[in-house]
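Here is the structure we will look at, set down as structure tokens.
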Amino acid sequence: MVNGKNYTGSQNYGDTGLPENLAVSSDRGACLTVIDRDRTIRTVPLTKSEMFVGTEADIRLNSRIVSRRHGKFTQINRTFYYNDEGSLNGTLLNGEQIGCGHYNRSQRYPLENGDVIKITVPESVGNPENVMMIFSERMSVNTRWKYISLKDKPSHELEIGRNVPQGELCIDSVKVSPIHAKIVYWPDRVFIVDKESQNGVIVNGKRITESCFLNDYDVVSIANTKIIYIDGMIYFNIEPDGIKMEVHDISKVMQRSRTVLDHISFTVYPCEMTAVIGGSEKERTIFMNCINGRDPATSGAVFMDGMNLYDNYNLLKSRIGNVPKKYELYDYLSVYNSLKFTADSQRAKDIAKQEKTERIEKVIQVMGLSEQRKTLIKKLSDGQKKSLSIAKELIANPDILFLDEPNAGLDPETETVLMKQLKDLSLNYGKTIVITPSNLQNIHLFDKIIFLTPTGRLCYCGSPTDALSFFEVTVITDAYEKVRNHMDYFISKYNTCFFEKK
């Protein structure tokens with residue numbers, strides 16, 4: 001990974017120089033990635049129900065071919081729409097003309113994640129006045145863009161992949177092949193070649209078969225990376241992987257028809273750190289095993305990036321890390337050898353030897369175990385053992401990590417250090433993290449709380465701050481007694497709020 005931190009060697013790229021915005025809240029809403037005349041790339045959040053775009057509008061564009069109020073973004077319920085406001089030069093949505101003058105002025109067009117909106121004039125390829133906006137459903141954790149000049153590369157070629165030499169575009173993601181694609185620059189043409197990658201290359205929303213030519217402002221998507229080509233320059237943004245988990249109406253019925261989880265639905269977005277609280281300790285463990293696929297729910301479904309986890313567990317399990325309460329560690333191995341054993345295991349067999357070594361070194365650093373690398377496990381403190389168990393799961397570079405009571409038995413200082421490490425994993429290393437905390441000392445570090453009732457119902461899903469007003473308390477621990485005494489009220493209150501938001 002280039003933007004932010006990674007598990008592989010570093011690369012040197014040009015930086016757009018714009019500030020790096022790392023969102024720390026689960027309220028990362030929809031946004032636009034905007035490129036206008038000066039070719040700076042900026043991220044603009046869509047914070048209002050109606051936002052105009054133009055030279056004199058909510059979203060200001062620096063271009064002579066843009067009208068004062070060129071177009072409008074509208075949010076209705078949870079869907080965003082765009083319409084051209086009768087502009088002089090019109091708008092292109094995914095390459096299709098949707099407005100010019102008074103043509104289709106009142107017609108709204110629904111937007112989907114990754115849609116490309118362009119403002120151009122006829123026969124304007126390479127025109128510096130051209131404008132492009134990319135719609136995203138949620139603002140990226142990483143909004144910094146970097147660039148590579150194809151003209152300055154001696155070979156005029158750029159390799160893209162997980163294992164490419166220094167100076168090429170390295171993307172540290174299990175969804176990216178070792179050598180995934182190549183961009184070739186000639187003075188009269190530029191084209192991109194798919195090097196028989198497993199997950200393909202998407203150009204302007206369509207997967208290419210072998211190769212295709214690139215024009216100015218074409219958008220290339222490779223796994224978690226967006227690439228924009230403009231006049232011999234490659235601008236790119238690598239989004240931390242994470243994973244989106246959608247839980248749809250799951251229930252779990254145990255022996256003697258005892259229901260422990262009752263029709264639970266919620267969504268965890270990429271790179272969020274989520275706490276599962278409430279209920280009993282046993283019920284929370286059962287819940288975790290249902291949503292991580294180890295013990296599927298009796299009914300309902302769990303989706304990981306749109307794929308049914310229960311139907312595709314063998315395919316998805318390499319993207320899932322799991323740290324149970326009791327994680328098996330071998331006392332007479334050192335920290336380094338324990339991690340090397342994991343890296344050499346079946347789960348990480350597709351990782352090259354050099355990459356394994358780099359990954360071991362990186363997770364030792366990330367989890368604060370540098371001084372203990374040669375220490376035998378039996379001599380580690382409880383906190384260090386917990387850090388090692390997490391490090392072992394990170395060797396396979398999972399996109400989502402489930403931890404059952406990782407802070408159990410730790411003193412307050414050690415627990416805070418561990419929770420901040422986990423927060424760092426979600427914020428800067430692109431991990432979606434779900435935790436059942438044994439206490440709520442550091443609940444403020446979480447993006448989201450999932451609160452279960454003693455009967456296995458969901459009575460709250462949202463931010464820790466909003467939870468205080470929802471439960472009408474000043475500290476979250478007081479919510480437990482309120483839920484016990486007024487369970488039906490809070491279930492009904494949450495369901496009413498949930499459907500109003502939908």
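Dipole of the chain computed with +1 at Lys/Arg Cβ and -1 at Asp/Glu Cβ about the Cα centre; of 384, 109, 80, farthest Cα towards the positive end is 384. Working note: Karplus 6.51/-1.76/1.60 with θ = phi - 60° gives the stretch 288-300 the couplings 4, 5, 5, 7, 9, x, 6, 9, x, 5, 5, 9, x Hz, where Gly and Pro are set to x. A straight Cα-to-Cα reach below 18 Å connects residue 482 with the aspartates and glutamates 466, 472, residues fewer than 8 places away in its own chain not being considered. Put simply, the convex hull of the Cα atoms in the stretch 360-486 casts, on average, a shadow of 8.7 nm². Straight-distance candidates among the lysines for linking to residue 206, with alpha-carbon spacing under 21 Å and chain neighbours fewer than 8 residues away dropped: 118, 175, 182, 195, 226. Over all other residues within a Cβ to Cβ distance under 13 Å of residue 375, the charged ones net out to +3, with Lys and Arg as +1 and Asp and Glu as -1. For the pair residue 259 and residue 411, what calculated FRET efficiency results from E = 1/(1 + (r/R0)^6), where r is the Cβ-Cβ distance and R0 = 25 Å, to the nearest 0.05? After rounding to 0.05, the efficiency reads 0.10. Annotation: the antiparallel percentage among DSSP beta bridges lying fully within the chain is about 80. Within the accessible surface of the chain, defined with a 1.4 Å probe on protein heavy atoms only, the carbon and sulfur portion equals 48 percent. Extending 7 Å from Cα along the Cβ direction at residue 299 and again at residue 481 yields two label points whose distance is 3.7 nm. Within the stretch 295-392, report the GluC sites (Glu not before Pro) that DSSP leaves as loop and that have at most 13 other Cβ atoms within 10 Å. Passing both the DSSP loop test and the Cβ count: 328.
Couplings for the stretch 465-475, taken from phi via the Karplus curve 6.51 cos²θ - 1.76 cosθ + 1.60 with θ = phi - 60°, read 5, 5, 4, 4, 6, 5, 8, 6, 9, 9, 10 Hz in order; Gly and Pro are left as x. Which one of 316, 122, 270 is farthest out on the positive end of the charge dipole of the chain, using unit charges on Cβ (Lys, Arg +1; Asp, Glu -1) and the Cα centre as origin? Among 316, 122, 270, the one farthest towards the positive end of the dipole of the chain is 316.
The residues of the stretch 358-447 expose, per residue, 34 Å² of accessible area to a 1.4 Å probe. Label positions at residue 108 and residue 68, each projected 7 Å from the Cα along the C-beta direction, are separated by 2.5 nm. Around the Cα centre of the chain, unit charges on the Cβ atoms of Lys, Arg, Asp and Glu (plus for the first two, minus for the last two) sum to a dipole of about 720 debye.
The values are calculated or read from the model by the stated rules, or taken from the named source; none is laboratory data. All figures in this text were calculated on a predicted structure; none of them were measured in a lab. Cβ: placed from backbone, ideal geometry, glycine included. Neighbour counts: every protein chain shown. Side chains are part of the model used for accessible areas, which takes the heavy atoms of the whole protein and leaves out ligands, DNA and RNA. Shrake-Rupley method; radii C 1.70, N 1.55, O 1.52, S 1.80 Å.
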